[in-house]
Amino acid sequence: MYQPQEIAVYIHWPFCKSKCPYCDFYKELARNTDQNTLIDEYINALQRYRQILPDRVVKSVFFGGGTPSLIKPENVAKIIDKIAQFWPIKANAEISLEANPNTHFQTIFTDLKNAGINRLSLGVQALNEADLRFLGRTHTLKTARHCLAEIAQVFDNHSADLIYARPQQKFADWEKELTEICSYGLKHLSLYQLTIEKNTVFAQKGVQPLNEDDAATMYDLTRDFLAARNYALYEVSNFAQAGFESVHNLTYWQGGDYIGVGKSAHGRFVLNGTHYAAEYPFTHIPLTPQERAEELVFMGLRLTSGIDKAEFQKICGFDLSEVINTEKSKNLQNAGFLAETPTHFFATRSGLLLLNQIIEQLLI
Ligand SMILES: C[S@@+](CC[C@H](N)C(=O)[O-])C[C@H]1O[C@@H](n2cnc3c(N)ncnc32)[C@H](O)[C@@H]1O
Ligand code: SF4
């Protein structure tokens, strides 16, 4: 029976200093957060996971948000230490934290490194003052630049998030930001096309993103621009220097086991041959192999390498051809949107631009 040994651990910190007008992630304003009580709740939840999944090895820990750089470094250390008490942590485990420049203080990055963080991901979003203001960011360009320089110095593994396809954005302007972000020598970049999500301030204000054609062109040009600078696209929105793809996020896309604690954290794991979907604080609902197989298709096709057919079969017990509509798949391959080798099934460059429509057709 398939029983993965490794597990990824997600720590969700849903608090932010202010709410960005484009953001649809679950978050609360960090006003009266009783941090110590919450950390104890997280540790209790991790302990319960330890009881049901005792024989695992931790390959990654990811502090995501919200704004986990609001967690006091001593509390970050406390959580990492507890995880290490509950399970062995692999020697080269990736321990990441997402930081917002608006939480910067002089020793924050060295404090986080001393707490056990070995990969820092910075939410920069834009590298010009006007767009930072448009995006409702509460840090200055100067602070963002200062943080970028600092994380490049303090950590060996780092990433930054930027949002592009902003209203009326021109590639020439975006290219300047790309040139600058490359100059810091970060190992990884997450570049997201601005989406206007329902119930956000941007949606209420009727903000219109760049039109689809221009956004697709910008995506293509970005991919080439970064490839020429040794950042390869490996997932729809993620670029990395070779060997620096995010171990933690690959777990989601490749169907590995993970647990999560924190308000909107969730998990997926296999226990005694059954797949479970977990919701925080502590419910886990069995998934049928078919349900898990469909998740593996839509997650796996986000990767440029696509779905590893042998791994797919190992995880859910199905041959890929039993889960996808093979006739539609052939048509999509003939149209140049999908391709396969004996070992992998993947979206082509043009297919990645239409991934949602492609997956809709495949999974019926
Ligand atoms: C949960 S946030 C974590 C970073 C941190 N909270 C910060 O903002 O600095 C993850 C990333 O999602 C991206 N994001 C959030 N809403 C988005 C939207 N509507 N369109 C495109 N990207 C978005 C941003 O790049 C953000 O950094
Ligand atoms: S983008 Fe980051 S800082 Fe802004 S509201 Fe969303 S989670 Fe919070």
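Note on Gln153 and Gln168: the model spin-label points, each 7 Å out from Cα along the C-beta direction, lie 3.7 nm apart.
I'd like the distance separating the alpha-carbon centroids of the range 184-233 and the range 78-115, in whole Å. Value for the Cα centre distance between the two parts: 28 Å.
The amide H of Leu301, built 1.01 Å from its N in the peptide plane, has no neighbour under 5 Å, considering only residues 5 or more places off or on other chains. In terms of packing, defined here as the mean over residues of other Cβ atoms within 10 angstrom, the peptides 19-26, 298-305 line up highest first as 298-305, 19-26. Couplings for the range 130-137, taken from phi via the Karplus curve 6.51 cos²θ - 1.76 cosθ + 1.60 with θ = phi - 60°, read 5, 6, 4, 5, 4, 7, x, 6 Hz in order; Gly and Pro are left as x. Excluding same-chain neighbours fewer than eight residues apart, the lysines reachable from Lys113 by a Cα-Cα span under 18 Å are Lys59, Lys72, Lys78, Lys82, Lys90, Lys187.
Entry note, the range 1-153: relative contact order of 24 percent, from Cα contacts under 8 Å with a spacing of 6+ residues.
Beta bridges per DSSP, both residues in the chain: antiparallel share near 40 percent.
Please work out, to two decimal places, the log10 of the ratio I(q)/I(0) at q = 0.07, 0.08, 0.10, 0.11 Å⁻¹ from a Debye calculation in which every Cα of the chain carries one identical scatterer. After summing over all Cα pairs, the log10 values are -0.31, -0.41, -0.66, -0.81.
Using θ = phi - 60° in the Karplus curve 6.51 cos²θ - 1.76 cosθ + 1.60, the 3J(HN,Hα) couplings for the range 289-304 round to x, 5, 4, 5, 4, 5, 4, 5, 5, 6, 6, x, 6, 6, 7, 5 Hz; x is entered for Gly and Pro. Cysteine residues of the chain whose Cβ has no partner cysteine Cβ closer than 4.7 Å: Cys16, Cys147, Cys182, Cys316.
Since every read-out is calculated from the coordinates, none of them should be taken as a lab result. Note that the structure is predicted; figures quoted are calculated from it, not measured. Glycine gets a Cβ as well: all are built from the backbone with ideal geometry, and neighbour counts include every protein chain shown.
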